[in-house]
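Reading through the structure tokens given below for one structure.
The values are calculated or read from the model by the stated rules, or taken from the named source; none is laboratory data. Remember, it's a predicted structure, so these values are computed and weren't measured experimentally. All Cβ positions, even for glycine, are placed from backbone atoms using ideal geometry, and neighbour counts span all protein chains on display.
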Amino acid sequence: MALQLLVVSKGHPFDRSAFFAMFDADRGVEATWVEQPAAQVVLRPEHAARYDAVLFYDMSGIALPGDGSGLPLGAGIDPPEDYIRSIEALLERGTGIVLLNHALLSWPSWPLWRQLSQTSFLLRGGELDGRATPASGFRGGATEPDRNLATTLSAVDPEHPVLAGLTDGFEIADELYLKTADFESRVTPLLRSDLGFEASDFTPSPLASREEQAGWDHPRGSNLVAWANAARGTPVFATDLGDGPSAYANAGFRRLVGNAVRWVASEAAREWARGCP
């Protein structure tokens with residue numbers, strides 16, 4: 001029987017046909033698609049129990065022009081209490097979670113989402129782990145494919161199930177994030193890029209303040225682009241990759257996503273996560 005996967009999107013443009021072609025090609029996965037805010041209903045415990053895993057591809061909880069929040073551009077918007085309870089219920093049940101690309105940046109004011117992703121990417125400069133940290137950087141993606149940097153990815157732990165069939169790594173041209181290296185101590189590294197991740201190769205987050213963009217600088221960043229995490233005893237796979245059609249069509253990326261979905265949905269992954277601090 002096919003693995004039941006819920007895919008959540010909205011808040012960031014993407015090529016829907018190219019994106020969902022990845023799942024259509026995977027005969028072992030039956031993907032159901034829902035957009036925010038309808039996802040907040042589908043993810044309630046009484047509905048979400050039928051899914052083996054949830055893949056988030058939305059970019060939610062961020063103040064944007066004309067949204068009526070009255071908050072500065074890029075500031076975090078707290079999630080509804082009902083949605084908080086739903087995500088907590090997912091974790092209590094051990095439902096595996098996959099976070100792709102911009103989904104790592106959702107809900108910047110919600111500590112639990114940061115606990116899920118463990119990324120150190122910041123849309124706006126601020127405090128992270130008790131230290132003042134500049135806005136993060138990005139390069140390339142679907143909106144500027146000419147700036148995609150081709151990179152060779154190498155497997156950190158070739159024995160990890162997410163890297164099955166990818167032990168020799170693979171090449172990809174996709175959006176990349178410049179983030180601090182601090183987060184690596186809290187996750188299980190899976191894939192590293194061969195690039196240097198220097199600020200001179202990146203552009204500051206477009207949601208950073210004008211002042212910060214004008215004088216933007218960032219220390220050399222982590223080259224880790226995919227990792228595993230255990231959040232409240234639940235397995236999570238996260239990757240910066242997956243912004244546009246060039247990634248969706250990449251055989252290595254498709255294999256990575258398929259492996260990740262199967263791994264987070266497995267009992268072996270849940271046992272691993274329950275055993276993590």
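Quick notes on this one:
- Residues (part of a strand (DSSP E or B), under 18 Å from residue 106 (Cβ atoms) and either touching a strand residue (DSSP E or B) at 6+ places or on another chain (Cβ under 9 Å) or modelled with pLDDT of 95 or more (or both)) located in segment 119-132: 126
- Scanning segment 178-200 for residues that are among the basic types (Lys, Arg), over 30 Å from residue 214 (Cβ atoms), surrounded by 14 or more Cβ atoms within 10 Å (Cβ to Cβ) and touching a strand residue (DSSP E or B) at 6+ places or on another chain (Cβ under 9 Å) turns up at least one hit.
- Every residue from segment 207-218 that is touching a residue at least 40 places away in the same chain (Cβ under 8 Å) and either part of a loop (DSSP other than H, G, I, E, B) or under 14 Å from the mean Cα position of the chain (by Cα) (or both): 207, 208, 209, 216, 217, 218
- Cross-chain or 6+ apart pairs with Cβ under 6 Å, segment 13-28 first and at negative phi and modelled with pLDDT of 95 or more, then of a type in the set (S, T, N, Q) and not in a loop (DSSP other than H, G, I, E, B): none
- Residue that is closer than 16 Å to residue 36 by Cβ, touching a Ser or Thr at 6+ places or on another chain (Cβ under 9 Å), hydrophobic (A, V, I, L, M, F, W, C) and modelled with pLDDT of 95 or more, where the choices are 53, 103, 49: 103
- Segment 168-177 - residue that is acidic (Asp, Glu) and surrounded by fewer than 17 Cβ atoms within 10 Å (Cβ to Cβ) and, of those, nearest to residue 144 (Cα to Cα): 171
- Flag for residue 212 being surrounded by fewer than 20 Cβ atoms within 10 Å (Cβ to Cβ) and touching a Gly at 6+ places or on another chain (Cβ under 6 Å): yes
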